[in-house]
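Scroll down for the structure; my scribbles are underneath it.
Please treat every number below as a calculation from the coordinates, not as lab data. This is a predicted model, so every value here is computed, not measured. Counting neighbours? That spans all protein chains shown, and the Cβs are built from the backbone with ideal geometry, glycine included.
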Amino acid sequence: MEVELATIHPRSPHPPAEATAATESATFNNNKRSEYVETEAAAGSQSSHATQTTFPASTPTMRRKARLQFATLCWALFLAGWNDGTTGPLLPRIQAVYNIGFAVVSLNFVFNCIGFVTGAAANVWLTDRYGFGTVMVIGALAQVVGYTLEAPAPPFPVFVMGYAVNGFGLALQNAGANGYVASLKDNAATKMGILHAIYGAGALSSPLVATQFAQLSHWSFHYLVSLGIAISNVILLIAVFRFKNQETCLAEIGQTPSHESLTEGTDNNNSSKYTQMFKLRALHLMAFFILTYVGVEVTLGGWIVTYVIKLRGGGPSSGYISSGFFGGLTLGRVGLLWVNKKVGPRRAVFIYAILAIGLELVIWLVPSLIGGAVAVSFVGALLGPIYPIVMGHAGRVLPQWLLNACIGWIAGFGQAGSAFLPFLTGVLASRVGIKSLQPLLVSMMGLMIVLWALVPSASRRMD
């Protein structure tokens, strides 16, 4: 059943009691009860008169559609996790096939980041011009192109170009999915945690498959598996969101735009969204925090395999340690939801980061293969909840009319960390050895604590 918004009409002249009774009346069609609610909408910039919009309240059909939308976004994030979990187990094989060192192979991370930051910067313009549903499909198609370039193991410059195209597509989908879930009014924090747990599930699954392909002659055929998932993602996004904008999709599940999102945007006609965004101090602090966080996550998940092989005597199956890390990431994002609620999300980030530093010191200073592998999994569990907590916090402290654009920028700018820190690790490893990995990770986790302390805990109005 399609959700239809009734014609916008002027405020009722009846007394409030009568208006309330009227709006809460129920109609019965085909023995099905459909309640109606009435909300205020902002008038145009030329009119000061308030208007009201009547729309069906939540119905079984709407709830079904809401679950379908959320499941589709989870599948898109599963593919994002799958993509990020792929590189680590394949790095030693890529080095051997292309006969390149640590610094050069790290260009995979750099080009992925270039694509991601480009997508994040373009996301605001693309979404305003074409709408949420269309931009999500554009991002999914970019991933199809990226995996098509990577699957035949082309010359290395073409191979890394596939990473760039892939990063562009990931940025658009990451921004759209996070912004959409952050805009939900029904259990947004829990759904954000589940969304990123599904990301972790993808990152957990991928190394299990990539480790097997890394030992085969046709190692790059792993990207054919990724291509199949990417094609299914395109089909789902088209079928569920049908190229519609976000407001229409939310209306279909019974959620109207907030009063703030309707009014505030009209007050800033003389300045672009980019100008409004970059005035926000909280935006920049969260962006730098996520840059550090994502850098730590991707560096640990990507380089831990090489670290274990070189310094702990690990064998060809060491790629499974990367799966352990992302498995911990997945479990942490769901299993620690109750901790987030108990101690508060802001305090939880400090606790998780401090404990993760302690475990990193164990990996660094205790020369045990098994002990290190277990500690890596627990680090993943502690780092896991942090990303969804920050995205949920963005929904509380940033203006609603800029939320999608801001989240897209935070995710995109943060993705620079997924290139900078792994690349820095590669450069350091080529000079002093892979033993530089753990000191770098510990120092970056310490920086995370400092940055989070600077992020405001409550919303502030723009200047």
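Can you tally the net charge around Ile434? Count Lys and Arg as +1, Asp and Glu as -1, for every other residue whose Cβ sits under 13 Å from the Cβ of Ile434. Kindly include the intermediate steps, with their values, before the conclusion.
Values: positive: Lys310, Arg312, Arg431, Lys435; negative: none.
That works out to +4.
Ranked by Cβ crowding within 10 angstrom, fewest neighbours first, how are Ser58, Ser206 ordered?
Numbers: Ser58 14, Ser206 29.
Result, fewest neighbours first: Ser58, Ser206.
The modelled label-to-label distance for the pair Thr275/Lys341, using points 7 Å beyond Cα in the direction of Cβ, is 4.4 nm. Cβ crowding within 10 Å, taken as a proxy for footprinting-reagent exposure, orders Asp128, Asp84 from fewest neighbours to most as Asp128, Asp84. Between their Cα atoms, which of Lys191/Lys244; Lys65/Lys244; Lys65/Lys273; Lys191/Lys342; Lys244/Lys273 are more than 24 Å away from each other? Correct reply: Lys65/Lys273.
When the chain is fully extended, how far beyond the present Cα-Cα distance does Asp128 get from Gln212, taking 0.36 nm per residue of separation? It would help to have the intermediate numbers written out before the result.
Values: separation 84, 0.36 × 84 = 30.24 nm, distance 4.27 nm.
Full-extension gain reported as 26.0 nm.
Counted by Cβ distance under 13 Å from Ala66, the other residues give a net charge of +4, where Lys and Arg count +1 and Asp and Glu count -1. By other beta-carbon atoms within 10 Å, ranking Lys185, Lys191 with the fewest at the front produces Lys185, Lys191. Between Ala239 and Ala153, what's the calculated FRET efficiency when r is the beta-carbon distance and R0 is 30 Å? Round to 0.05. Efficiency at R0 = 30 Å is approximately 0.40.
Relative to one another, the C-alpha centroids of the range 360-430 and the range 84-158 are positioned 18 Å apart.
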